[in-house]
Amino acid sequence: MKLDPVQRRILAQLQKDSSISTQALADKVGLSASPCWRRVRELEEAGLIRGYVALLDRRKIGLDTCVWVRVKLRKHSADVLDRFEQAVKNCDEVVECYELLGETDCLLKLYLPSLEALSTFMHNFLLKIPEVDITNSSVALREIKNETALPL
């Protein structure tokens with residue numbers, strides 16, 4: 001879908017604050033409230049806006065440790081990947097998972113309370129998945145940039 005300038009402004013504002021009122025959004029993007037509301041609904045119906053969420057401060061809820069885990073699977077077949085994906089989708093600690101090209105098959109992003117929790121995660125979950133062959137973890141020392149807004 002090709003976005004016009006008004007749609008881009010609407011999406012940019014909603015990425016900054018999705019709780020903004022329709023009137024305030026309309027004022028910021030240069031529309032009246034009714035056309036603005038219709039434009040937002042069109043973006044939702046087209047699937048450009050997937051939903052609305054509250055962004056939490058992970059540290060304030062005790063998730064101080066950010067970890068990336070690279071996973072190499074034992075075999076490369078659809079059923080192996082399907083079983084691994086299902087296990088990962090059902091795991092709350094995994095906030096992101098990507099299938100990759102190259103030496104690593106999948107990349108997991110975790111938010112955990114501590115390094116001890118990482119050890120527990122590895123021993124009680126990840127290494128118990130039969131499809132997992134090799135793992136390699138990296139722990140973030142500090143967060144330099146973490147944005148949720150997509151470039152428009």
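The values are calculated or read from the model by the stated rules, or taken from the named source; none is laboratory data. This is a predicted model, so every value here is computed, not measured. Ideal geometry is used to build each Cβ from the backbone, glycine not excepted, and the neighbour counts take in all protein chains shown. For the accessible areas, the whole protein counts, side chains as well, though only heavy atoms, and no ligand, DNA or RNA atoms are used. Shrake-Rupley method; radii C 1.70, N 1.55, O 1.52, S 1.80 Å.
Pairs linking a residue in the stretch 70-90 that is at pLDDT 95 or above to a residue that is assigned to a helix (DSSP H, G or I), with Cβ atoms under 8 Å and 6 or more positions apart or on different chains, are Val71/Phe84; Val71/Leu126; Leu73/Val80; Leu73/Leu81; Leu73/Phe84.
Can you tell which of Glu99, Glu93, Glu103 is charged (D, E, K, R), open to solvent by 30 Å² or more (accessible area, probe 1.4 Å) and at pLDDT below 95? Step by step, each of Glu99, Glu93, Glu103 is checked, and only Glu103 is charged (D, E, K, R), open to solvent by 30 Å² or more (accessible area, probe 1.4 Å) and at pLDDT below 95.
Listed by position, the strands (runs of 3 or more DSSP E) inside the stretch 84-152 whose residues that are within 14 Å of the chain's Cα centre (by Cα), among the aliphatic types (A, V, I, L, M) and within 14 Å of Val67 (Cβ to Cβ) number at least 2 are 94-99, 106-112. Residue under question is Leu73, and the condition is that it be open to solvent by less than 30 Å² (accessible area, probe 1.4 Å) and under 30 Å from Glu131 (Cβ atoms); does it hold? Judged against the criteria, Leu73 is a match. Tell me yes or no: at least one residue of the stretch 58-66 is in contact (Cβ under 8 Å) with a residue 12 or more places away in the chain, part of a helix (DSSP H, G or I) and in contact with an Asp or Glu (Cβ under 9 Å, 6 or more places away or on another chain). Within the stretch 58-66, one or more residues are in contact (Cβ under 8 Å) with a residue 12 or more places away in the chain, part of a helix (DSSP H, G or I) and in contact with an Asp or Glu (Cβ under 9 Å, 6 or more places away or on another chain).
Counting only residues that are of a type outside the set (A, V, I, L, M, F, W, C), more than 30 Å from Glu131 (Cα to Cα) and open to solvent by 40 Å² or more (accessible area, probe 1.4 Å), the stretch 53-70 holds 3 of them. Is there a residue being among the aromatic types (Phe, Trp, Tyr), surrounded by 10 or more Cβ atoms within 10 Å (Cβ to Cβ) and without any contact (Cβ under 8 Å) to a residue 24 or more places away in the chain anywhere in the stretch 117-133? No, the conditions are met nowhere in the stretch 117-133.
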